[in-house]
Amino acid sequence: MDSLSTAAREQALDSYDLSFVHEKIVNENKLSGEDLTKVEQEFKRFMKLVLSEDGPLAMIDRRVDELWHSLILFTPQYQQFCEQVMGFFVHHQPRTSKTPVPQGAIKNFVDAYKKHYGELDPFWLEQLDPELKANIAAGTVPQSLKFQWSGWTGRPV
């Protein structure tokens, strides 16, 4: 990471223009324009956690993941976003049998979100399977909890 402070990176993240990503998502009927405002807000919050937290963080919302996937497809812009805004390349690792989400990545995300923003925004719970939603709501996210989909990232090792 270069010499920019985390606060400067967070400001750059807040002002980063994702309108070209919105256009792609809306044109492909993946999300509505009005949904994208909240999705973008939570994507940027997630990326701020990536800036400030160690360890893998699970991406637990399909809508935010869709925005992330769409941004990644704009490879030159994603590379620039990672280099100039984040300060390092932010990998996206889908959950598969060969690339499972690391133990604790869901708990890491929930704990980091609460630490930085207070309670987990209900937005993140809307589309989760009932077991995971119940565990998060109870504040008891076991490291071994299985879930049906996600991706994850973390600081490079």
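The values are calculated or read from the model by the stated rules, or taken from the named source; none is laboratory data. As the structure is a computational prediction, the values presented were derived from the model and not from experiment. Cβ sites come from the backbone with ideal geometry, for glycine too, and all protein chains shown count toward neighbours. Just so you know, the surface numbers come from the protein's heavy atoms only, side chains and all, with ligands and any DNA or RNA stripped out. Shrake-Rupley method; radii C 1.70, N 1.55, O 1.52, S 1.80 Å.
How many angstrom lie between the Cα centre of the range 81-135 and the Cα centre of the range 31-66?
8
So what is the 222 nm mean residue ellipticity for the chain from helices alone, if each DSSP H run of at least 4 adds -39500 (n - 2.57) and you divide by all residues, rounding to the nearest 500 deg cm²/dmol?
-15500 deg cm²/dmol
Given an 8 Å cut-off on Cα distances and at least 6 residues of separation, report the relative contact order of the chain as a percent.
33
Let me check I've understood the local charge: for Ile60, count other residues with C-beta under 12 angstrom from its C-beta, Lys and Arg +1, Asp and Glu -1. What total comes out?
Once positives and negatives cancel, what remains is -1.
Say the dipole of the chain comes from +1 at the beta carbon of Lys and Arg and -1 at that of Asp and Glu; which of Ile106, Asn27, Val64 then lies farthest toward its positive end?
Ranked along the dipole, the leading option is Ile106.
Summing +1 for each Lys or Arg and -1 for each Asp or Glu, what net charge is found among the other residues whose Cβ lies under 11 Å from the Cβ of Glu10?
+3
Give the cross-link partners of Lys133 among the aspartates and glutamates, using a straight C-alpha distance below 13 Å as the criterion and excluding same-chain residues fewer than 8 apart.
Straight-line reach from Lys133, under 13 Å: Asp61, Asp121.
If you stretched the chain out fully between Asp54 and His91, how much longer would it get, using 0.36 nm times the residue separation minus the C-alpha to C-alpha distance?
So the extension gain works out to 11.9 nm.
Computing the accessible area with a 1.4 Å probe over protein heavy atoms, can you report the carbon and sulfur percentage for the chain?
Answer for the chain: carbon and sulfur cover 50 percent of the accessible area.
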